[in-house]
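Inspection log for the structure reproduced underneath, given as structure tokens.
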Amino acid sequence: MTLIQTFLRGEKGLFKAESLTPMQKLALRFVVVGLIYYGFVVFEGVIMRIYEIQPFSYVTHEQFFAILTAHPLVGIFGSTYAIVFGAFLFLVPFLMKKPLWSIKLANWTLWLTTIGTLTFWLAGFVSHYSPLYTLYWPLPADFTQFSVLGGTFFILGVALVMVGTLFFVLNIFKTITYTPEGWEKQPGCALIKSALGLTGLSNLFTRKKQEHLVSLPVAAVARGTVDMAFNAIIITFTGVLILIYMVAALFGENLQHSLIDALLYKNWFWWGLDLIADGLVLIFVAGTWYLLATLITGKKLFMENIARAALFVEMVVSWTVWSHHLMSDQAQPGILKILSGEMVTAFELITQGLAFFITLATLWSARPLKMTPPLKFLLGGLLGFALAVPAGIMQADLGLNRILHNTQWVVGPHVHVAVLVGLSMTLYSAIYFLLPILTNGAKLYSEKLANIHFWAHLIGGIGMGAFMGMAGLHGMLRRTLYFNGEFNTYMILAGLCGALLLLAFLVFFINIVMTVGLNGVIGIFSPAKIKTKDLLPKTE
Amino acid sequence: MVDSTMVLAGQTIAYTLYVIVILALMAWFAYKITRAGKESPVKPSLFYSFVALLVVIGVSLHIVTHETIPWKPLDLNRADITADAEFNIVIADHQFTLPSDKLIIKQGQLVRFNVESKDLTYGFGLFRADNSMVFQMQVLPGHKNDILWKFDRLETYSIRSTEYSGWKGINMIVRDAIDVVQ
Ligand code: HEM
């Protein structure tokens, strides 16, 4: 096949969009949307990287901060959530061996998150609404700096994503518990207890052990989904509150900011936000590691019972760690800083360390393994968290936080290494693994390109985190601009690593398009020809 | 008093060593799993020792910093400590208002900064001439934001807001606002 033919029809013409079931299409649509939004994030990241070396005149300061506001939100909601939704809406029914509760609702999730993300991105792009994702009170309602209308659309966009998220939550729990047509009645209550870890917990205290009705990865999805639901509720509640101020301002009424206590607000908002960072991300990632390790090796998970218990502990920990974001807030009670901020946070080292060890031990048990793209990226993901979690534990110390908070250390070795190396590489591993299953046997266009993707992403991600971290240790703040090249050595090096990340993404994108072909990508979005609730087409 | 430069140097060494070890470990692991090995699964005792190690590190980190970083106990007990000098600073409309043009501190003095915000959430940080940070805290409107610091080096510091307060806040710097004198 010529290059053009491959570009249009995919590698060896193997991918046939018309052979896909509605469920395969659904999952692939989520992945495509997630990857396109990831592209937005990378481009925005690179623009900011250049701007942090030397602010340039095409982008105003207002625009820079609007990009800084949109960038992580598009990254988490538009990209990560989309890929996670697609993967889990497919995997939960796959592992439970029953159809998804509602494909229609899943499609609603897809469009609400896609349109919601586009709405808040556009609102930020046009109006430069830029209170950053932390929304510290009363900044989101400061209409001397931001447009009310722009802010209103921004919040509405986020609200759409939250509604889509709640639909996902409902779909996952219903899929675990419902009884499909023609099936024997399913024990809904027992299933939910097993998924949430209550069965495991009661087993600790009773002689007669109950069996686990759901597999470990499903349990991980369920537990992460609980955090997702709480998070969506908190963000929606906060959004409504901000909207009240906006609607009042649109009608010429200025509500007093002091009606809301800035510290109380910061506590509840961080409680909710942290359910993403220290909750569902860690839980979903651990669950995905376990699943990938068992699928890659075909072996049982090492210490499965402990892994189950750790997932439960992780969920409880995620409800009680928020204070590590308020270590530098002097009005925050000291006891909360020590108990929630330092002590409970230290548990994350243990729970994530356990997940790391259990995954490695499972892989070890199956030596020799072939170093395929899924395995390579899985190891990258493990390394990412092994680097980023200790960096976070350090900044969650009262002494160190005093000199690290709001520096580039936090967004470098902690946030970007966790997100880019830990989370993204885990997701890439899942994508490379699921690709043949979701496409009915399409063949990856080039292993070489997958290799370049791996190394450019790994070196770019770790390098960018490291140089940002070095700048932070020398006093460079996050979320601000320096005009006299104060930290330029680090910023230029971080910029080069940003360029590597961009290269990695482009290489991956080309590889995927050449695998399924342009016609294939378009075909993914056309209605499914096969009418079935099954996940995979029937093989004759 | 041990200052931030020294603590951060310690952190840099510790974290860099850790990074080297974990990179080497992962590279070794990635190599080893592609090679045939004995059919021996990982021993549970290794697993439990690893968990114990994590517990020890998690707990001891905070004890060690409590004992070695002087501002940690100072901060926790600051309500009961009398300062040698006190400065009240107000922030409003992205501007710092200091009690005087220059804040003069005698070497060795324990100083309390009370910073009040009249509108947004800001930050309050002290920076050296080379832009490195001495300390920072958050400044929330409607709340008491105070910090105690012991100054034992003869230096000049700038004040800077360390929290984003909208694009108008990027120039919230008062250069050479603090002089520590003999
Ligand atoms: C792929 C290439 C990426 C590059 C080059 C990049 C670059 C940057 C830069 C330059 C900043 C500004 C740091 C500052 O001075 O405050 C930033 C902030 C941030 N980025 Fe990224 N980034 C990338 C990907 C991501 C992804 C995938 C996510 C998450 C999904 C993410 C999450 C964040 C967060 C949470 C912040 C902090 C925002 C804030 O302080 O409000 N980044 N990024």
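Peptides B:8-17, A:222-231 ranked from most to least packed by the mean count of surrounding Cβ atoms within 10 Å: A:222-231, B:8-17. What is the P(r) of the stretch B:4-70, as percent of Cα-Cα pairs per 5 Å bin from 0? Histogram of Cα-Cα distances, whole percents per bin: 3, 12, 12, 20, 19, 12, 9, 6, 4, 2, 0. Listed cross-link partners A:Lys448/B:Lys38; A:Lys266/B:Lys118; A:Lys208/B:Lys43; A:Lys97/B:Lys32; A:Lys25/A:Lys443 are compared with a 24 Å cut-off, the Cα-Cα value being larger for A:Lys448/B:Lys38; A:Lys208/B:Lys43; A:Lys97/B:Lys32. Residues in the stretch A:449-498 average 34 Å² of solvent-accessible surface per residue, probe 1.4 Å, ligands and nucleic acids excluded. Only protein heavy atoms count here; under a 1.4 Å probe, A:Met343 has an accessible surface of about 110 Å².
For A:Leu122, the solvent-accessible surface computed with a 1.4 Å probe is close to 80 Å², ligands and nucleic acids excluded. Using the Cβ-Cβ distance between A:Lys533 and A:Ala366 with R0 set to 35 Å, the FRET efficiency works out to roughly 0.55.
When the chymotrypsin sites (Phe, Trp or Tyr not before Pro) in the stretch A:56-122 are filtered for DSSP coil states and for at most 11 other beta-carbon atoms within 10 Å of their beta-carbon, the remaining sites are A:Phe56, A:Tyr58.
Given 0.36 nm per residue, what is the gain on full extension from A:Phe56 to A:Leu8 after removing their alpha carbon distance, in nm? Write down the numbers at each step before the final one.
On the way: separation 48, 0.36 × 48 = 17.28 nm, distance 3.86 nm.
Going from the current span to full extension adds 13.4 nm.
If both residues of a DSSP beta bridge must be in the stretch B:82-181, then about 70% of such bridges are antiparallel.
When we measure straight from the Cα of B:Lys72, which aspartates and glutamates land under 19 angstrom away, once same-chain ones fewer than 8 places off are left out? In chain and number order, the partners are A:Asp329, A:Glu342, A:Asp397, B:Asp3, B:Asp80, B:Asp84, B:Asp146, B:Asp152. Were the residues from A:Ser446 through A:Phe237 laid out at 0.36 nm apart, the gain over their Cα-Cα distance would be 70.6 nm. Other protein chain C-beta atoms within 10 Å of residue C-beta, averaged over B:157-167: 6. Its residue count N fixes a reference of 2.2 N^0.38 Å for the stretch B:89-182, and the Cα radius of gyration divided by that reference is 1.03. In this structure, the amide hydrogen of B:Ala177, modeled 1.01 Å from its nitrogen in the peptide plane, lies closer than 5 angstrom to those of B:Tyr157, B:Ser158, B:Ile159, counting only residues at least 5 positions away or on a different chain. Judged by the gyration tensor of its Cα atoms, with axes a ≥ b ≥ c, the stretch A:397-465 is prolate; a/c meets the 1.5 cut and a/b is the larger of a/b and b/c.
Shielding value for B:139-150 is 5, the average number of Cβ atoms from other chains within 10 Å of each residue's Cβ.
What is chain A by shape, rounded, prolate or oblate, if you read a ≥ b ≥ c off the alpha carbon gyration tensor as root eigenvalues and call it rounded for a/c under 1.5, prolate for a/b larger than b/c, and oblate otherwise? Rounded is the answer for chain A, as its axis ratio a/c remains below 1.5.
Applying both filters, DSSP loop and at most 15 other Cβ atoms within 10 Å, to the GluC sites (Glu not before Pro) of the stretch B:1-107 gives B:Glu39.
For A:Lys538, the solvent-accessible surface with a 1.4 Å probe is about 150 Å², rounded to the nearest 10.
Straight-line reach from A:Lys538: taking Cα to Cα under 15 Å and skipping same-chain neighbours fewer than 8 places apart, the aspartates and glutamates in range are A:Glu18. Quarter the surface of the alpha carbon convex hull of the stretch A:318-435 and you get the mean projected area, 8.1 square nanometres. About the centre of its Cα atoms, the protein assembly as shown shows a dipole size close to 3080 debye [charges on the beta carbon of Lys, Arg (+1) and Asp, Glu (-1) only; nearest 20 debye].
Entry note: the stretch A:454-540 has Rg to Rh equal to 1.29, where both radii use alpha-carbon atoms and Rh is the Kirkwood radius.
Where Rh is the Kirkwood radius over the Cα pairs of the stretch A:21-260, the temperature 25 °C and the viscosity 0.890 mPa s, what D in µm²/s does Stokes-Einstein return?
Details: Rh = 19.8 Å.
Once the numbers are plugged in, D ends up at 124 µm²/s.
Were the residues from A:Lys97 through A:Asn488 laid out at 0.36 nm apart, the gain over their Cα-Cα distance would be 135.3 nm.
The values are calculated or read from the model by the stated rules, or taken from the named source; none is laboratory data. Everything numeric here is computed off the predicted structure, so don't read it as measured data. A quick note on method: Cβ atoms are made from the backbone with ideal geometry, for glycine too, and the neighbour counts reach across all protein chains shown. Accessible surface is based on the protein model in full, side chains and every heavy atom, while ligands, DNA and RNA are left aside. Shrake-Rupley method; radii C 1.70, N 1.55, O 1.52, S 1.80 Å.
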